[in-house]
Each structure stands twice: as C-alpha cells, then as structure tokens.
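Shown next, in structure tokens, is the structure this report addresses.
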Amino acid sequence: MVSFLLRPADGEPAPRARAGQYVSVRVAMADGMHQLRQYSLSTAPGGQLRRITVKRVTGDADGPGGEVSTLLHDTVREGDELLLSAPFGDVFLDDGADAATPLVLVSAGIGCTPMTGILAHLAALDSTRPVLVLHADRSPADHALRAETHDLVAQLPGARAVFWYEHPGTQEPDARTGLMDLSGVELPDDASVFLCGPLPFMRDVRGRLLSAGVPARYIRYEVFGPDLWLPGSAV
C-alpha cells in the first residue's frame, strides 16, 4: 500500500468532502486510453489536503493485476499532477443530529481506508462518541494504516478496536485468529454501522449483523461496482 497526499494544483480551495466519501482518479495508460478508479479519502476531510491510500493489485491465478494501482505505485512521484473528481458517495459520517449515536466501523483489507478517514475526523473534533472498530486482514503486515488506526483509537475516549488476522503475528498479541466472527463481540445498541471491504466479506458480515439484531436500515455500505446483494436482503 502507498498513500498519496494531494492538494489543488491551482491553489483554489479544495471541494468540500465528508468523512467516508471517495474520489475518482483519472489516469492515462500507456496505450493512450484513460481509466477511472475510485479511492476512499483515508484521512480527515478538512483543509486543502486530500489523502488516498492505494493497494497494489497483483495478478494471480484468480485474475490479472491492477493496471491503475500498478501505474500509481510505479510512476507517480512528488510534484506530479493527478486528475481527481470532487468527493462523492452516499455513505459518510453525519455530524448533525446523530452526532452522539454509537458507531461500528467494520472493514476488511483495504476497506479500512474510509474508516481511518472517519476516525481521523472524529479525533479532529475531540469526539467522545462511542466507536467500535472491527477489522479483518491476512496479517498485521498486510493491514494498511494499522499503526495510525491504533493512534486514532487511543485519541478517542469512547473508542475500542478488535482485529482478526488469518496469519497473526507478535505485533498484535490481542488480535483474534481467523476470519471475522462477531460471536463474543458486544455491539452497542442503536449503532450506525459502516461496512467496507470485498463483496463476499460484506455479504457475510452483513448477514451476521442482521442475525445479531442490527436493523438493515442502520447498516451503511458502498459497493464500487454493481450492487450484487441477494434479492430481498436490503429490507
């Protein structure tokens, strides 16, 4: 993973962003074609800076490598310009009437990026809001922004985190082993749940949340591509 810090090249104010939103990045490929990819804002959205955190998608037997992520990793250097959209997305943190509602931030893999942005925003507000951070990954080394997540949780008096790793390490002695399993996790009542990660993960965890009694209307998620939830699962 690599993070890019970006600011408007013309010095004009950056478009307004909300914690949890994402931007589209447009790049020119070697064949002259242009490609768009979406990346969540991975830090607090205020001010002139934007940060995106990009995972290099490597090819394997299950599919080809990521053209855009590889290009960004291999070619973008300090001082280069990227073409970004304004921030958008319907899943963002509401600072209004629900500002005291408990939050549950659930992610896997690079899906942690909008959650880090939400945590950074809460820390900037000195929020005392109850926050439960749940993240699953292959190992501590694969967990993007892991140290920053720990730091942000420590800044929030109402926050705590639980991590799952398929291959745990000594860096996270309190982590749980294996895939995310919500048994034994005390979910706060009437919480707003933000969910981000690979589609199979989101399907599985959303089902677990529903089984645990979390109303579907309280579970917010973003699918980068067609929304492939099973019919009837969004009631």
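The values are calculated or read from the model by the stated rules, or taken from the named source; none is laboratory data. Everything numeric in this text was worked out from a predicted model, so none of it was measured. Ligands, DNA and RNA are stripped out before the accessible areas are found, and what is left, the full protein with its side chains, is counted by its heavy atoms. Shrake-Rupley method; radii C 1.70, N 1.55, O 1.52, S 1.80 Å.
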Q: May I ask you to compute the full-extension gain from Glu12 to Thr101, defined as 0.36 nm times their residue separation minus their alpha-carbon distance, rounded to one decimal in nm?
A: 28.6 nm
Q.
Just to check, using Stokes-Einstein with a Kirkwood Rh over alpha carbon pairs, what's the diffusion coefficient of region 1-74 at 25 °C and 0.890 mPa s in µm²/s?
A. 180
Q) What does the accessible area of Ser24 come to, in Å² to the nearest 10, when a probe of 1.4 Å is used? A) 10
(Q) Using protein chains only and a probe of 1.4 angstrom, how many square angstrom of Leu199 are accessible, to the nearest 10? (A) 40
Q.
Per 0.36 nm of contour for each residue apart, how much would the distance between Asp174 and Ala216 grow if the chain were fully extended, relative to their Cα-Cα spacing?
A. 12.1 nm
Q | Net length gained if the chain between Arg56 and Leu187 were fully extended (0.36 nm per residue, minus Cα distance) | A | 43.9 nm
Q: Wrap a convex hull around the Cα atoms of region 1-140, take a quarter of its surface area, and give that in square nanometres.
A: 10.2
Q | Three semi-axes of the equivalent ellipsoid, the chain, Cα gyration tensor, whole Å, largest first | A | 28, 21, 18
Q.
With both bridge residues required to lie in the chain, what share of the DSSP beta bridges run antiparallel, to the nearest 5%?
A. 45
Q. What are the residues whose amide H is under 5 Å from the amide H of Ala161, where those residues sit 5 or more places off or on another chain and H is modelled from the backbone?
A. Val133
